[in-house]
Amino acid sequence: MIRIDRASSRYHADYGWLKTYHSFSFGEYYDPNNIQFGPLRVLNDDFVAPLAGFSAHPHREMEIVSIVLKGYLQHEDSTGHKAVTTFGGVQRMSAGTGIVHSEVNPSATEEVNFLQLWFLPEEHGLTPSYERTEFPIEKMTNALLPVVAKQPSSPGIAHIHQDLTIYLSDLEADYELTFTQPEGRKIFVFVIEGNLSLNGEADLQRRDAARITETPTLRLSTNEGARFMLIDLPN
(Lines give C-alpha, C1' and ligand atoms only; values in the text may rest on other atoms or scores of the structure.)
Protein backbone atom coordinates (compact mmCIF):
# COMPACT_ATOMS: atom_id res chain seq x y z
CA MET A 1 0.00 0.00 0.00
CA ILE A 2 1.27 3.46 -0.91
CA ARG A 3 -0.04 6.46 1.02
CA ILE A 4 0.91 9.84 -0.46
CA ASP A 5 1.38 12.87 1.81
CA ARG A 6 1.39 16.03 -0.28
CA ALA A 7 3.78 18.85 0.58
CA SER A 8 0.81 21.16 1.08
CA SER A 9 -0.59 18.89 3.83
CA ARG A 10 2.41 19.39 6.12
CA TYR A 11 2.12 21.59 9.20
CA HIS A 12 3.86 24.93 8.59
CA ALA A 13 5.10 27.58 10.99
CA ASP A 14 6.98 30.82 10.38
CA TYR A 15 8.86 32.30 13.35
CA GLY A 16 10.83 34.80 11.32
CA TRP A 17 14.23 33.26 12.00
CA LEU A 18 12.81 29.77 11.28
CA LYS A 19 10.44 28.54 8.63
CA THR A 20 9.56 24.90 9.25
CA TYR A 21 7.39 22.16 7.76
CA HIS A 22 6.51 19.14 9.90
CA SER A 23 5.62 15.73 8.47
CA PHE A 24 4.76 14.31 11.93
CA SER A 25 3.41 15.67 15.23
CA PHE A 26 6.03 17.96 16.75
CA GLY A 27 6.02 20.91 19.14
CA GLU A 28 2.77 22.85 18.95
CA TYR A 29 1.50 20.62 16.13
CA TYR A 30 -0.27 17.54 17.46
CA ASP A 31 -2.27 14.97 15.53
CA PRO A 32 -2.94 11.66 17.34
CA ASN A 33 -3.18 9.96 13.94
CA ASN A 34 0.20 11.25 12.79
CA ILE A 35 2.69 10.42 15.53
CA GLN A 36 5.19 8.19 13.73
CA PHE A 37 5.83 5.72 10.93
CA GLY A 38 7.65 2.71 12.33
CA PRO A 39 10.51 4.19 14.40
CA LEU A 40 10.47 7.42 12.32
CA ARG A 41 9.15 9.96 14.80
CA VAL A 42 10.07 13.37 13.33
CA LEU A 43 10.78 14.79 9.88
CA ASN A 44 11.12 18.57 9.92
CA ASP A 45 12.07 20.51 6.80
CA ASP A 46 13.77 23.54 8.40
CA PHE A 47 14.89 26.85 6.88
CA VAL A 48 17.00 28.90 9.30
CA ALA A 49 17.95 32.54 8.73
CA PRO A 50 21.60 33.72 8.78
CA LEU A 51 23.22 33.80 12.23
CA ALA A 52 20.11 32.25 13.81
CA GLY A 53 19.30 28.78 15.07
CA PHE A 54 18.33 26.47 17.88
CA SER A 55 20.12 27.45 21.10
CA ALA A 56 21.35 24.83 23.57
CA HIS A 57 18.55 22.43 24.59
CA PRO A 58 18.36 18.86 25.94
CA HIS A 59 17.28 15.52 24.45
CA ARG A 60 17.00 11.96 25.73
CA GLU A 61 16.42 8.51 24.20
CA MET A 62 16.33 9.54 20.55
CA GLU A 63 18.46 9.06 17.42
CA ILE A 64 18.67 12.42 15.63
CA VAL A 65 19.91 12.77 12.04
CA SER A 66 20.48 16.07 10.24
CA ILE A 67 20.89 16.19 6.45
CA VAL A 68 21.84 19.63 5.13
CA LEU A 69 20.37 20.41 1.71
CA LYS A 70 21.66 23.95 1.29
CA GLY A 71 23.92 26.25 3.32
CA TYR A 72 25.79 25.42 6.51
CA LEU A 73 24.76 24.03 9.90
CA GLN A 74 26.94 24.36 12.99
CA HIS A 75 26.55 21.78 15.76
CA GLU A 76 27.85 21.96 19.33
CA ASP A 77 27.00 19.61 22.23
CA SER A 78 27.72 18.77 25.85
CA THR A 79 29.98 15.85 24.90
CA GLY A 80 32.49 18.34 23.48
CA HIS A 81 31.75 17.97 19.79
CA LYS A 82 31.61 20.96 17.44
CA ALA A 83 31.27 20.67 13.67
CA VAL A 84 29.92 22.42 10.57
CA THR A 85 27.99 20.42 7.97
CA THR A 86 26.90 21.26 4.43
CA PHE A 87 25.44 19.22 1.57
CA GLY A 88 27.48 16.04 1.24
CA GLY A 89 27.62 15.59 5.00
CA VAL A 90 25.37 13.93 7.56
CA GLN A 91 25.36 14.29 11.32
CA ARG A 92 23.98 11.65 13.67
CA MET A 93 23.46 12.23 17.38
CA SER A 94 22.43 9.58 19.87
CA ALA A 95 20.78 11.41 22.77
CA GLY A 96 20.73 8.27 24.93
CA THR A 97 20.77 9.04 28.66
CA GLY A 98 20.89 12.76 27.96
CA ILE A 99 22.66 15.36 25.82
CA VAL A 100 22.49 19.14 25.35
CA HIS A 101 23.13 20.56 21.89
CA SER A 102 22.70 23.62 19.66
CA GLU A 103 22.20 23.83 15.89
CA VAL A 104 22.82 27.24 14.34
CA ASN A 105 23.43 28.82 10.96
CA PRO A 106 26.98 30.26 11.06
CA SER A 107 26.61 32.20 7.80
CA ALA A 108 25.96 35.93 7.89
CA THR A 109 24.41 35.93 4.43
CA GLU A 110 23.02 32.50 3.47
CA GLU A 111 19.95 30.63 4.74
CA VAL A 112 20.44 27.00 5.73
CA ASN A 113 17.90 24.32 4.79
CA PHE A 114 18.17 20.94 6.45
CA LEU A 115 16.09 17.87 7.16
CA GLN A 116 15.82 17.04 10.86
CA LEU A 117 14.90 13.38 11.44
CA TRP A 118 14.26 11.69 14.78
CA PHE A 119 14.10 7.92 15.22
CA LEU A 120 13.24 5.84 18.26
CA PRO A 121 16.32 3.80 19.25
CA GLU A 122 16.36 0.03 19.50
CA GLU A 123 17.31 0.26 23.17
CA HIS A 124 17.28 2.85 25.94
CA GLY A 125 20.14 3.91 28.16
CA LEU A 126 22.73 4.40 25.40
CA THR A 127 25.79 6.54 26.03
CA PRO A 128 25.29 9.88 24.25
CA SER A 129 27.38 10.21 21.10
CA TYR A 130 27.86 12.34 17.98
CA GLU A 131 29.14 11.52 14.51
CA ARG A 132 29.65 13.55 11.34
CA THR A 133 30.21 11.72 8.04
CA GLU A 134 30.72 12.72 4.42
CA PHE A 135 29.35 10.87 1.41
CA PRO A 136 30.41 11.05 -2.28
CA ILE A 137 27.71 13.17 -3.93
CA GLU A 138 28.52 11.84 -7.39
CA LYS A 139 27.58 8.31 -6.29
CA MET A 140 23.98 9.43 -5.78
CA THR A 141 23.49 9.57 -9.56
CA ASN A 142 21.02 6.87 -10.68
CA ALA A 143 21.70 4.89 -7.51
CA LEU A 144 20.47 4.54 -3.95
CA LEU A 145 23.42 5.71 -1.86
CA PRO A 146 23.30 4.67 1.83
CA VAL A 147 24.24 7.55 4.12
CA VAL A 148 22.95 6.24 7.50
CA ALA A 149 22.67 2.59 8.58
CA LYS A 150 22.66 0.27 11.58
CA GLN A 151 25.62 -1.61 10.13
CA PRO A 152 27.67 0.85 8.03
CA SER A 153 29.63 -0.75 5.20
CA SER A 154 31.97 2.21 4.68
CA PRO A 155 33.34 5.25 6.58
CA GLY A 156 30.95 7.50 4.63
CA ILE A 157 27.87 5.97 6.29
CA ALA A 158 26.77 7.18 9.72
CA HIS A 159 25.94 4.55 12.33
CA ILE A 160 22.49 4.59 13.92
CA HIS A 161 21.10 2.54 16.80
CA GLN A 162 18.04 1.29 14.92
CA ASP A 163 17.42 -1.30 12.19
CA LEU A 164 17.08 1.18 9.33
CA THR A 165 18.94 2.60 6.35
CA ILE A 166 18.65 6.10 4.85
CA TYR A 167 19.43 6.39 1.14
CA LEU A 168 19.86 9.50 -1.01
CA SER A 169 19.53 9.51 -4.80
CA ASP A 170 19.80 11.80 -7.82
CA LEU A 171 17.70 10.03 -10.44
CA GLU A 172 18.01 11.29 -13.99
CA ALA A 173 15.09 11.59 -16.39
CA ASP A 174 13.91 8.31 -17.89
CA TYR A 175 16.01 6.18 -15.52
CA GLU A 176 14.46 3.65 -13.15
CA LEU A 177 15.63 2.16 -9.87
CA THR A 178 14.22 -0.89 -8.09
CA PHE A 179 14.35 -1.24 -4.32
CA THR A 180 13.50 -4.50 -2.55
CA GLN A 181 13.22 -5.36 1.12
CA PRO A 182 12.02 -8.36 3.18
CA GLU A 183 8.31 -8.80 3.81
CA GLY A 184 6.94 -6.97 6.85
CA ARG A 185 9.08 -3.83 6.62
CA LYS A 186 8.18 -0.25 5.68
CA ILE A 187 9.50 2.32 3.19
CA PHE A 188 9.36 6.09 3.53
CA VAL A 189 10.10 8.23 0.45
CA PHE A 190 10.60 12.01 0.48
CA VAL A 191 11.09 13.99 -2.74
CA ILE A 192 13.61 16.78 -2.20
CA GLU A 193 13.48 18.16 -5.75
CA GLY A 194 11.83 17.12 -9.02
CA ASN A 195 9.16 14.47 -9.52
CA LEU A 196 9.05 10.75 -8.82
CA SER A 197 6.79 7.86 -9.81
CA LEU A 198 6.37 4.82 -7.53
CA ASN A 199 5.51 1.51 -9.23
CA GLY A 200 4.13 3.50 -12.16
CA GLU A 201 1.04 4.52 -10.21
CA ALA A 202 1.86 7.04 -7.49
CA ASP A 203 3.25 10.38 -8.67
CA LEU A 204 5.12 12.57 -6.23
CA GLN A 205 6.22 16.18 -6.68
CA ARG A 206 8.72 18.38 -4.80
CA ARG A 207 8.49 17.82 -1.02
CA ASP A 208 5.77 15.18 -1.34
CA ALA A 209 6.25 12.01 0.71
CA ALA A 210 4.99 8.43 0.62
CA ARG A 211 4.47 5.92 3.43
CA ILE A 212 4.71 2.45 1.96
CA THR A 213 3.69 -0.85 3.53
CA GLU A 214 3.16 -4.39 2.23
CA THR A 215 5.13 -3.47 -0.91
CA PRO A 216 8.51 -5.23 -0.73
CA THR A 217 9.43 -4.25 -4.31
CA LEU A 218 9.36 -0.59 -5.29
CA ARG A 219 10.14 0.80 -8.74
CA LEU A 220 11.20 4.45 -8.79
CA SER A 221 11.25 6.49 -12.00
CA THR A 222 11.11 10.12 -13.12
CA ASN A 223 10.41 12.00 -16.31
CA GLU A 224 12.21 15.21 -15.36
CA GLY A 225 14.79 14.17 -12.75
CA ALA A 226 14.50 13.79 -8.98
CA ARG A 227 16.57 14.15 -5.85
CA PHE A 228 14.98 12.07 -3.11
CA MET A 229 15.46 10.28 0.20
CA LEU A 230 14.34 6.68 0.79
CA ILE A 231 14.28 5.13 4.28
CA ASP A 232 14.07 1.35 4.81
CA LEU A 233 12.32 0.87 8.16
CA PRO A 234 11.25 -1.95 10.48
CA ASN A 235 7.70 -2.22 11.76
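The values are calculated or read from the model by the stated rules, or taken from the named source; none is laboratory data. Please read all numbers here as calculations on a predicted model, not as lab measurements. Positions of Cβ are generated from backbone atoms using ideal geometry, with glycine treated the same way; all protein chains shown enter the neighbour counts. Accessible surface is based on the protein model in full, side chains and every heavy atom, while ligands, DNA and RNA are left aside. Shrake-Rupley method; radii C 1.70, N 1.55, O 1.52, S 1.80 Å.
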* Mind checking the full-extension length gain between E123 and E201? Use 0.36 nm per residue of separation minus the Cα-Cα distance, one decimal, nm. => 24.3 nm
* Cross-link pairs beyond the 26 Å C-alpha cut-off, checked among K70/K186; K19/K150; K82/K150; K19/K82; K82/K186 -> K70/K186; K19/K150; K82/K186
* Structure fact -> Taking a label point 7 Å from the Cα of A108 along Cα-to-Cβ, the residues of the range 41-58 whose backbone nitrogen sits under 19 Å from it are 49-53
* **Residue among E134, E172, E28 with the largest mean-square fluctuation in a Gaussian network model of the chain, springs linking Cα atoms under 10 Å** => E28
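For a distance above 32 Å, tell me the whole-number percent of Cα pairs in the chain that qualify.
Counting every Cα pair in the chain, those more than 32 Å apart make up 14 percent.
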* Which of these, H159, H75, H57, has the largest mean-square fluctuation under a Gaussian network model of the chain (Cα springs below 10 Å)? -> H57
* Structure fact -> Shape call for the range 76-195, from the Cα gyration tensor axes a ≥ b ≥ c (a/c under 1.5 means rounded, otherwise prolate when a/b beats b/c, else oblate), comes out oblate
* **Within the accessible area of the range 60-169 (1.4 Å probe), percent carbon and sulfur** => 49 percent
